[in-house]
Amino acid sequence: MVTRRRGVLDLLGRLVVDDAGQDLIEYALLTGFFGLGGFVLFSQLGPRMGAAYAGWVDAVSLASTETPAPGAP
C-alpha cells in the first residue's frame, strides 16, 4: 500500500513539473475563448443589423411617399 501511494505521489509530482503539453492546452483554451467570443458577437450582431436595415427601409419608404412642394427644384 505504501509503494502504491508513493507511486501516485511520484506521478502527481511529475504532472506538476512536466510542461510538455502546456502549449497545446494554451492554444485550445485560446481557441475556445475566441470561439465563444465570436459566437456571442455574431448572435448579437444579426438582430441589430436587421433592426438597422428595417429602420432605413421605413425611413426611405416614408420619404418616398411625401410629395414635393409645388415649385420646388
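FYI, it's all coordinate maths here, none of it is from the lab. On a predicted model such as this, the values are computed, not experimentally measured, just so you know. Cβ coordinates were reconstructed from backbone atoms using ideal geometry, including for glycine residues, and neighbour counts include every protein chain displayed.
Report yes if T3 is part of a helix (DSSP H, G or I), within 15 Å of the chain's Cα centre (by Cα) and at negative phi, otherwise no.
Here the answer is no, as T3 does not meet what is asked.
Give L12, L24, L36 a once-over and let me know the one that is in a helix (DSSP H, G or I) and surrounded by fewer than 10 Cβ atoms within 10 Å (Cβ to Cβ).
L24
Among the numbered criteria (1) loosely packed, with under 10 Cβ neighbours inside 10 Å; (2) part of a helix (DSSP H, G or I), which one does P70 miss?
(2)
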